[in-house]
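Some notes on the structure that comes next.
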Number of protein chains: 2
Amino acid sequence: MRNPKIPEATIIRLSVYSRFLTQLENKGVTNTSSGQIAEGVGGSSAQVRKDLAYFGEFGTRGVGYNVKDLNQNIIKILGLSKRWKVVIVGAGNLGSALTQYKGFKERSFDVIGVFDIDPTRIGSTLNGVSIYPVSKIEDMIKENGVEIGIIAVPADFAQEVADILVKSGIKAILNFAPVVISVPRGVELRNVDLTVNLEVLTYNIEMQKGE
Amino acid sequence: MRNPKIPEATIIRLSVYSRFLTQLENKGVTNTSSGQIAEGVGGSSAQVRKDLAYFGEFGTRGVGYNVKDLNQNIIKILGLSKRWKVVIVGAGNLGSALTQYKGFKERSFDVIGVFDIDPTRIGSTLNGVSIYPVSKIEDMIKENGVEIGIIAVPADFAQEVADILVKSGIKAILNFAPVVISVPRGVELRNVDLTVNLEVLTYNIEMQKGE
DNA sequence: TAGATTGTTAATCGATTAACAATC
DNA sequence: TAGATTGTTAATCGATTAACAATC
């Protein structure tokens, strides 16, 4: 294993570095440094170099990094040099917004189907993506080799949906429902928790006042 | 300062504990233990006790915790015993979904206005919340003492919107735009990064394959 | 009392930061 | 060569885990 326990925080930062490098590329910048990247993403240059060092040597001492090269390397590390098929379960407000979110396509994610239980929604399309009944999830995943599922249903149904996704062979789940769900080992799970994020803010606001 | 550097991870977990305790309350459960909470949220009992210990003694040795009491204490810690006014900037798909998101109200957040630059959107309402022109942000924040702003505009406009919010006296910002924005010290900032979350998943999927 | 479970301390683990030799 | 910046090691810092005395 050439992988000595890489912090998750490092992976998150690599993703942010990559986005920043893409910005530089678009501006026509060809060369950069750990200092410039750090400034662009709000970190330290030592941390940028450390994060990159887990995966190899991408720069030139005394010179810095080639923007395009480095970005391609990070994209490769993150697994984004291929396109990923994604299904979204829940075609409510949030599910619909996510389905139509342009940022996913730019970063190599293709939403190929949305699923709902509401018969009035089924059959219509969102930005060219069809809404199917939940009963079709398994076929869709198996026939297309879908590896990522997004859960955007109310909390009460989230575990049930997770179970369907797992049974269908999904590899990873991004959960937006405000509830803790459990999946077997081997299935990756991340939670995007909208209220938790706001609550960290309110805690911090109150702390400031109290100081 | 009776606040010896509390890890942000602790605050995030407290928010999740609180949600779990609310579930228990709704089921009519009156008493619980650090072990039960840990099981419910996928952590360890030692960590639950440690997290709570930063703020006081909420349990009884040999007995456990009173569900309602503990939840109220955590809610107080997080600053949620009052209601918070929130404005959302951006009435596109994501901003609209967030405006109509029911989970916020349940956790003491009231969205009192949405702002956009698109004249065709301005004047209509989303779930009873009016869409105003961006030029009205400052008045709205100042007149209502709004403390939290949510950014749901494209990346290119995010910094500009952040500047407006800051200038209007906002205390905290939740940023959904996929770009690093900067705010002065004293303004809290958190980022909810949709693509970064997917990219951590793809990295992990690829890692598993490689092992 | 015996059993259970907290609150807290100490030990461990892991991540970040600082420093600097290597080298372009 | 002198200046710049990387890659890497060692030092520091912080968070988690384990253990257990306190006590209901």
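Relative to the longest principal axis of chain B, what angle (0 to 90°, nearest 10) does the C-alpha long axis of helix B:194-210 take?
Its long axis makes an angle of about 50 degrees.
Normalised by the residues of chain A, what does the relative contact order come to in percent, with Cα pairs under 8 Å and at least six apart?
Details: 297 pairs, mean separation 27.8, N = 211.
The normalised contact order for chain A reaches 13 percent.
Evaluate peptide B:101-107: per residue, the Cβ atoms of other protein chains within 10 Å of its Cβ; return the mean as an integer. Could the numbers behind the result be given before it?
Values: counts 8, 4, 10, 3, 0, 2, 7.
Partner-chain Cβ atoms within 10 Å, mean over residues of B:101-107: 5.
Which residue in A is nearest the A/B rotation axis when you measure from the C-beta atom, and what is the distance in Å?
A:ALA97, 2
I need the peptides B:151-163, A:194-206 ranked by packing, meaning the mean over residues of other C-beta atoms within 10 angstrom, with the highest value on top.
Numbers: B:151-163: 19.3, A:194-206: 22.0.
Output ranking for B:151-163, A:194-206: A:194-206, B:151-163.
Which three extents, in whole angstrom, do the alpha-carbon atoms of the stretch B:44-188 cover along their principal axes, largest first?
Rounded to whole Å, the extents work out to 62, 33, 28 Å.
Measure nothing but the geometry: give the 0 to 90° angle between the long axis through the Cα atoms of B:8-27 and the longest principal axis through the Cα atoms of chain B, rounded to 10°.
70
Shape of the protein assembly as shown from its Cα gyration tensor (a ≥ b ≥ c, root eigenvalues): rounded if a/c is under 1.5, otherwise prolate when a/b > b/c, or oblate? Intermediate results must be reported in sequence, preceding the final value.
Details: a/c = 1.18, a/b = 1.15, b/c = 1.03.
Rounded.
Go through B:VAL89, B:LEU14, B:ASN73 and say which Cα lies farthest out towards the positive end of the charge dipole of chain B; charges sit on Cβ, +1 for Lys and Arg, -1 for Asp and Glu.
It is B:ASN73, whose Cα lies furthest towards the positive end.
Just to confirm the numbers: B:ASP118, label point 7 angstrom along the Cα-Cβ line, distances to the other copies in nm, shortest first?
Between copies, matching label points for B:ASP118 lie 1.9 nm apart.
For the residue pair B:VAL63 and A:LYS76, what label-to-label distance in nm results when each label sits 7 Å from Cα along the Cα-to-beta-carbon direction?
Label at B:VAL63, label at A:LYS76, 6.2 nm between them.
Determine the shielding of peptide B:76-84 by partner chains: average, over its residues, the number of Cβ atoms on other chains within 10 angstrom of each Cβ.
Working: counts 1, 3, 8, 10, 6, 1, 2, 0, 5.
Other-chain Cβ atoms within 10 Å of each residue's Cβ, averaged: 4.
Using only the alpha-carbon atoms, how far is helix A:67-77 inclined from the longest principal axis of chain A? Give it as 0 to 90 degrees, nearest 10.
The helix A:67-77 is inclined about 40 degrees to chain A.
Highest mean first, how do A:169-177, B:137-145 rank when packing is the count of other Cβ atoms within 10 Å averaged over residues?
Working: A:169-177: 22.3, B:137-145: 14.6.
Highest mean packing first, the order is A:169-177, B:137-145.
Given a cut-off of 23 Å, name the pairs among B:LYS68/B:LYS171; A:LYS85/B:LYS209; A:LYS50/B:LYS50; B:LYS76/B:LYS102 whose C-alpha atoms lie farther apart than that in the structure shown.
Numbers: B:LYS68/B:LYS171 30 Å; A:LYS85/B:LYS209 17 Å; A:LYS50/B:LYS50 31 Å; B:LYS76/B:LYS102 21 Å.
Cα-Cα > 23 Å for B:LYS68/B:LYS171; A:LYS50/B:LYS50; rest within.
Considering every residue in A:11-20, what mean count of other chain Cβ atoms within 10 Å of its Cβ is obtained? Provide the component values of the computation, followed by the final result.
Working: counts 8, 6, 1, 4, 10, 8, 0, 3, 8, 2.
Average neighbour count from other chains, rounded to a whole number: 5.
Where a number appears in this text, it was derived from the coordinates with a stated rule and is not lab data. The structure presented is a predicted model; accordingly, all values stated were derived computationally and were not measured. Please note: Cβ atoms are built from the backbone with ideal geometry, for glycine as well, and neighbour counts cover all protein chains shown.
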